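A short write-up of the structure that comes next.
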Amino acid sequence: MSAKYKQIINSRIFITAILVLIQLTWLVIFFTNLTKHYALINALFTFLSVAIVLMIISKDENPAFKIGWLIIIMISPLFGALLYLTSGDKKPSRKLQATINKEHVRWRDELRQEELVLNEVRALRERAAGTCQYLNHLSGYPVYKNTEVFYYPVGEKMYESMLEELEKAEHFIFLEYFIISEGIMWNRILDILTRKAKEGLDVRLIYDDWGCLTVLPPGYVWEMEKRGIKCMSFNHVVPLLSLVMNNRDHRKIIVIDGHTAFNGGINLSDEYINEKERFGHWKDTGVKVIGEAVWNFTAMFLEMWNAFKKTDEEVDKFRPHVHHKQPFATDGYVQPFADTPLDGESVAENVYLEIINQARHYVYIFTPYLILDNEMKTALCLAAKRGVDIRLVTPGVPDKKLTYRLTRSNYMPLLKAGVKIYEYTPGFLHAKSYVCDDEFGVVGTINMDYRSLYLHFECGTFFYRSKAVKDLKRDAIKTIEESREVSKKDIKSGLIGSLVNAVLQVLAPLF
């Protein structure tokens, strides 16, 4: 047997798939043997299906979720009921909620909004202050001044800056990522982390176990620990049919010495810096934050770390001014924020809606996936109808063909309302960015799809009247010029195509 096949057989994804297949086979055999009691079983599952339907209807959830599941159960009561029981509840497990919520409550006391800063925003624009206040109240992360934001239009530029700042680290480095893949990008960073750990710095790493399932070897946590890097994998993958794996840590954060942070759509893998070509040119965006607002990113990381490590450490030593005695420069107002599936509040979507609803002149949006609920679709259409220049940029080369089809199935109502849509023809656009009216900007990890907006742990950087807003706008215009505008004629479908699109639209929340 070749080394390649041995590697596949010994991989975690192969072992997980085999175990899940065994469970599926067992279920098929189990239900086949029950056919002799068909009448009783049919009655039980009819009752179960009705109970689940009533439960779905009574839930305080997005109507699109409800409709998708109701149709599946209507088509196949037995299969639909079983599928919902194993994977239908988008809320995290009680254990996961209890683990994180306890630490989240503690951090509310460490994140206090300075009213003077909020009042300054209010004096500039009342509605902007309302957005900041919403983020503080619901997400728990204040708005700051005494902070600078530096925008990066491609992963390569941000990577260079990351290496420079990591080399400057003197006290601690925190990293939290959805995907880490061995290669040029990660190996260079890992060399620095290993060296810094040997020098006595506090180096910690969180990676999502599902995101890294196929790209990191088993036992990677221990490999990091041997290098002196404290490490944990988030929500460890268990090979069971229950899909509680829905709730992933999709964040991308680096914090250095408490005063410098990186955030954006860029994972630690070679395609993000175009060292490996997958779908043409990989377009992504990110920001470097320097100043008081970095405390929000530090809080996000330590909340997750301490919740799972069961530690109760003194956190004041990680504050921005501890290792940066000079005053920070001021560049507008900056509010890093987190969104979690724990509270039932769609914080990220509501921030996007706030920007769209208060836009006066333009909103330019980068998103790799465009899977919209009714609220978002209505907001975009209404803004375009009242004269706001709404432009969306999506990938010209898809990473997932079915998701790409679903993205394009959302185009027509937007185009009819006057929204302009562009596809990034050089390759795959993975960026998640908003820019509005030369005033507002958001760069982060949050896609415009159901998983990001409702299921994952996400984060972003909201900035108001920062120089980074103009940098983001400049990049948006340049990217639009490199892209192809989509017309209604481009997306017309025949009868079969329209039916497929309709089915995908209904099932979109389940993707």
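Values as computed for the structure displayed
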{"quantity": "Computed E for residue 316/residue 102 - FRET, C-beta separation, R0 25 angstrom, nearest 0.05", "calculated": "0.80"}
{"quantity": "Estimated FRET transfer efficiency (residue 138, residue 66; beta-carbon r; R0 22 Å; 0.05)", "calculated": "0.45"}
{"quantity": "Length released on extending from residue 214 to residue 94, taking residue separation times 0.36 nm less the Cα-Cα span", "calculated": "40.5 nm"}
{"quantity": "Value of Rg/Rh across the chain [Cα atoms, Kirkwood radius]", "calculated": "0.97"}
{"quantity": "Net charge over other residues, Cβ less than 13 angstrom from the Cβ of residue 193 (K, R count +1; D, E count -1)", "calculated": "+1"}
{"quantity": "Extension reserve of the residue 194-residue 477 stretch, reckoned as 0.36 nm per residue once the Cα distance is removed", "calculated": "97.9 nm"}
{"quantity": "Contact order relative to length of the chain, as percent, for alpha carbon pairs under 8 angstrom and 6 or more apart", "calculated": "17 percent"}
{"quantity": "For segment 89-153: relative contact order, % (alpha-carbon pairs under 8 angstrom, 6 or more apart)", "calculated": "28 percent"}
{"quantity": "Percent antiparallel among DSSP beta bridges (both partners in the chain, rounded to 5)", "calculated": "60 percent"}
{"quantity": "For residue 497, net neighbour charge (Lys/Arg +1, Asp/Glu -1) across residues whose Cβ lies under 13 Å away", "calculated": "+2"}
{"quantity": "Inter-label distance for residue 126 and residue 488, nm, one decimal - labels placed 7 Å from Cα along Cα-to-Cβ", "calculated": "3.9 nm"}
{"quantity": "Kyte-Doolittle at least -0.5, axis length at least 24 Å by Cα - qualifying DSSP helices, the chain", "calculated": "12-33, 38-58"}
{"quantity": "DSSP beta bridge pairing in segment 94-332, given as percent antiparallel to the nearest 5", "calculated": "60 percent"}
{"quantity": "Alpha carbon centroid spacing (whole Å) that separates segment 298-372 from segment 403-423", "calculated": "28 Å"}
{"quantity": "222 nm mean residue ellipticity, helices alone, for the chain (DSSP H n ≥ 4; -39,500 (n - 2.57); rounded to 500)", "calculated": "-14000 deg cm²/dmol"}
{"quantity": "Extension gain (nm, one decimal) between residue 111 and residue 59, 0.36 nm per residue minus Cα-Cα", "calculated": "15.6 nm"}
{"quantity": "Residue 46/residue 326 FRET efficiency (R0 51 Å; Cβ-Cβ; nearest 0.05)", "calculated": "0.15"}
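Throughout, read-outs are computed from the coordinates displayed, never taken from laboratory work. In this text, all values refer to a predicted model and were calculated from it rather than measured experimentally. Cβ atoms come from the backbone with ideal geometry, glycine included; neighbour counts cover every protein chain shown.
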